[in-house]
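Engineer: Right, I'll just put the structure down here and ask away after.
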Amino acid sequence: MIDDVDDRPKLVGLVTRVVQGNFTVTVNYMAVKYFDLTTLAMVVNCAPLITCVMAAFWLEEKLKKSDIVYLILAFGAVTIMVFGNPQEKKDH
């Protein structure tokens, strides 16, 4: 499906989104060289949590108390998975 972009603001937004997407993919692939895959996956999968917090502040989205509790629980679970067992030996 091909649509032409007639409106200049739409074209600017489309180009910005393409550049941002390419930059994100490049950073993700480069990060694999410097971080453990588990750590990288956990940080990348925190994007929805960060998006909710940013939407609450900048877009003034309303979060229910249960949403805040779930966000805190999810962030805690990600933190536990990233830091893991402190007794575990790392081979770095």
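The values are calculated or read from the model by the stated rules, or taken from the named source; none is laboratory data. No experiment lies behind these values; they were computed from the predicted model shown. Cβ placement follows ideal geometry from the backbone for every residue including glycine, while neighbour counts extend to all protein chains displayed.
Engineer: Just to be sure I understand the filter: pairs with C-beta atoms under 7 Å, separated by 6 or more residues or on different chains, first member in the stretch 38-61 and of a type in the set (Val, Ile, Thr), second member in a helix (DSSP H, G or I) and surrounded by 13 or more Cβ atoms within 10 Å (Cβ to Cβ). Which pairs pass?
Structural biologist: Cβ pairs passing all conditions: Thr39/Val82.
To keep it simple, each residue is scored yes or no on (1) in the same structural domain as Leu73 (by TED's automatic domain parsing); (2) exposed (fewer than 11 other Cβ atoms within 10 Å of the Cβ); (3) more than 28 Å from Phe83 (Cβ to Cβ).
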{"position": "Arg17", "(1), (2), (3)": "no, yes, yes"}
{"position": "Val25", "(1), (2), (3)": "no, yes, no"}
{"position": "Cys52", "(1), (2), (3)": "yes, no, no"}
{"position": "Trp58", "(1), (2), (3)": "yes, yes, yes"}
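Let's see how each residue does on (1) acidic (Asp, Glu); (2) part of a helix (DSSP H, G or I); (3) surrounded by fewer than 10 Cβ atoms within 10 Å (Cβ to Cβ); (4) modelled with pLDDT of 85 or more:
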residue: Val5; (1), (2), (3), (4): no, no, no, no
residue: Asn22; (1), (2), (3), (4): no, yes, no, yes
residue: Tyr29; (1), (2), (3), (4): no, yes, yes, yes
residue: Leu40; (1), (2), (3), (4): no, yes, no, no
residue: Val43; (1), (2), (3), (4): no, yes, no, no
residue: Leu49; (1), (2), (3), (4): no, yes, no, no
residue: Glu61; (1), (2), (3), (4): yes, no, no, yes
residue: Thr79; (1), (2), (3), (4): no, yes, no, no
